[in-house]
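Reading through the structure tokens given below for one structure.
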Amino acid sequence: MDAVRAWREVDLDALSANLAVIREHAGPGIRVMLVVKQDAYGHGAVAVAHHAVRCGVGAFGVGTSHEALELRAAGIRSPILVLGTVVEEELPACLRHQIHLGLHTTGRARSLAKLARRLGLPARVHLNIDTGMGRLGVPPRLAGELLEIVLREEGLELGGVMSHLAPTEGLLDPFGVEQAERFASLVNGFAARGLSVGWIHMANSAGLFTGLGRTAHPGLFNTVRPGIAAYGALPLILPDARRLTPVLSLRSRVVFMKNIPEGTPVGYGSTWRARQATRIATLAIGYGHGLPWRLHGAEVLIRGRRAPLIGRLSMDYATVDVGHLPGVQVGDVATLIGRDGDDALTLADMARAASTIPYEIGCALCRLPRIHRGGEEVCIPAQPPLARGIPAEPGQVPRNARS
Ligand SMILES: *Cc1c(COP(=O)(O)O)cnc(C)c1O
């Protein structure tokens, strides 16, 4: 698909800048595991990962083994963790490609250990503890038992211990604070028993930007798992979110222009009618490309100025009232997300107009061609050496905890 009708642009320099802000929040010596699930929220997992490696990112989090293997096939050698869980059939490929796996049940611990022994390949697992997300993960009261199994079973290697925050506002929400406390007391309990647990991680972007690990429980965590912050779409109510730069742009060509008299209906259901004679521009993008059908009151930028999307979105086309913008013509580029001149529209603007979240918009645009720009200059230094006592690789977790 050529990028001539509608396309995404990914600004790798913006990604570098965001990773620098993330590193500041994480603090020195903390491993950044960049979350690149769902094709890096629509930004292109392979290109994002390659650039992130150059920026010092030490590991990647993905949603499925398929995503992990895609990164391996593209030459990414860093540790990769499947954040959620995998189905049984995915396990052999994960072991062959040294993919770290979240672990939630004793049943899986045993089947994984058996497979690891049969293949003669270690299975690296991160014990996922459900401190309040209520989705995946082992309940805290069963975590100790599961940990024992991991440490005992030949074939399993403990890569880390993790949990996930439920509140979208991280520690600004008291429930996030409570979750972090539950997790900290468990992990401290393991430490008190002399167990070395490898990577310790809980902070997504919201957790990271609200101080999890820096001001709350300093010294406990050695790894953070940001996603949306790296893409510059962290909710603005979170501290420092304004320092992040949007990475994604979405553009489409004007493919048709039409003058219409007052009262003319436009689009399916004739839900919009011209209040006065005006000029309509048709863009070559629709809900079939992942634009949300329910966009309400959204605008686009053409020639640096705003124009409203009008009428219902079609599968392949969108219509814009450009009566107030003289000079618009077929071939002009319309910006639905991104900068044009002095004005800009964000993923969050579109999400708001569609009553959804920026994450969903990024993922939904997956069918459009994508152009990566920038990235020639890597503006942040390579990751500093990890703090003493933190294993660089889960494979190097001290074995002294094993009997
Ligand atoms: C998606 C995800 C993240 C990243 O979340 P952001 O809100 O994008 O920072 C971190 N951890 C887990 C387990 C996830 O599923």
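Among the residues of the stretch 360-373, those identified as farther than 16 Å from L15 by Cα, surrounded by fewer than 20 Cβ atoms within 10 Å (Cβ to Cβ) and under 18 Å from the mean Cα position of the chain (by Cα) are E360, C363, A364, C366, R367. With the requirement that a residue be more than 21 Å from G120 (Cβ to Cβ), away from the ligand (no atom under 16 Å from the Cβ) and either assigned by TED's automatic domain parsing to the domain that holds Y359 or touching a residue at least 12 places away in the same chain (Cβ under 8 Å) (or both), what does the stretch 79-108 give you? Passing the criteria: T105, T106. Filtered by the rule that a residue be out of contact with any Phe, Trp or Tyr (no Cβ under 6 Å at 6 or more places or on another chain), touching a residue at least 60 places away in the same chain (Cβ under 8 Å) and away from the ligand (no atom under 16 Å from the Cβ), the stretch 186-207 gives G194, L195, S196, G198. Screening the stretch 42-67 for residues that are farther than 27 Å from L250 by Cβ and of a type outside the set (S, T, Y) and picking the one that is surrounded by the fewest Cβ atoms within 10 Å (Cβ to Cβ) gives G56.
Does G211 count as within 14 Å of the ligand (Cβ to nearest atom), outside the structural domain of T335 (by TED's automatic domain parsing) and touching a residue at least 40 places away in the same chain (Cβ under 8 Å)? Considered against the rule, which asks whether it is within 14 Å of the ligand (Cβ to nearest atom), outside the structural domain of T335 (by TED's automatic domain parsing) and touching a residue at least 40 places away in the same chain (Cβ under 8 Å), G211 comes out as no. Summed over the stretch 208-221, residues that are among the small types (G, A, S) and touching a Phe, Trp or Tyr at 6+ places or on another chain (Cβ under 9 Å) total 1. Checking the structure you have, find out if any residue of the stretch 225-232 is modelled with pLDDT of 95 or more, in contact with a Phe, Trp or Tyr (Cβ under 6 Å, 6 or more places away or on another chain) and within 13 Å of the ligand (Cβ to nearest atom). Within the stretch 225-232, one or more residues are modelled with pLDDT of 95 or more, in contact with a Phe, Trp or Tyr (Cβ under 6 Å, 6 or more places away or on another chain) and within 13 Å of the ligand (Cβ to nearest atom). Does the stretch 249-271 include one or more residues that are away from the ligand (no atom under 16 Å from the Cβ), without any contact (Cβ under 8 Å) to a residue 40 or more places away in the chain and assigned by TED's automatic domain parsing to the domain that holds A143? No, the stretch 249-271 contains no residue that is away from the ligand (no atom under 16 Å from the Cβ), without any contact (Cβ under 8 Å) to a residue 40 or more places away in the chain and assigned by TED's automatic domain parsing to the domain that holds A143.
Among the residues of the stretch 26-57 satisfying the criterion of being charged (D, E, K, R) and not in a strand (DSSP E or B), which is farthest from the ligand (Cβ to nearest atom)?
Checking each candidate, the answer is R54.
Residues of the stretch 86-109 that are more than 25 Å from the chain's Cα centre (by Cα), surrounded by 14 or more Cβ atoms within 10 Å (Cβ to Cβ) and of a type outside the set (S, T, Y): P92, R108, A109. Taking the conditions (1) closer than 30 Å to R370 by Cα; (2) part of a loop (DSSP other than H, G, I, E, B); (3) not assigned by TED's automatic domain parsing to the domain that holds A17 in turn, T168 satisfies each one other than (3). How about the stretch 50-96: which of its residues are among the polar types (S, T, N, Q) and modelled with pLDDT of 95 or more? Of everything in the stretch 50-96, those that are among the polar types (S, T, N, Q) and modelled with pLDDT of 95 or more turn out to be T64, S65, S78. Scanning the stretch 66-78 for residues that are within 16 Å of the chain's Cα centre (by Cα) and either part of a loop (DSSP other than H, G, I, E, B) or within 15 Å of the ligand (Cβ to nearest atom) (or both) turns up E67, A68. Residue check: is V150 at pLDDT 95 or above, away from the ligand (no atom under 13 Å from the Cβ) and of a type in the set (A, V, I, L, M)? Spelling it out, V150 is indeed at pLDDT 95 or above, away from the ligand (no atom under 13 Å from the Cβ) and of a type in the set (A, V, I, L, M).
The single residue among L186, L195 that is at pLDDT below 95 and of a type outside the set (S, T, Y) turns out to be L195.
The values are calculated or read from the model by the stated rules, or taken from the named source; none is laboratory data. The structure presented is a predicted model; accordingly, all values stated were derived computationally and were not measured. Every residue, glycine as well, gets a Cβ built from its backbone with ideal geometry; the counts of neighbours run over all protein chains shown.
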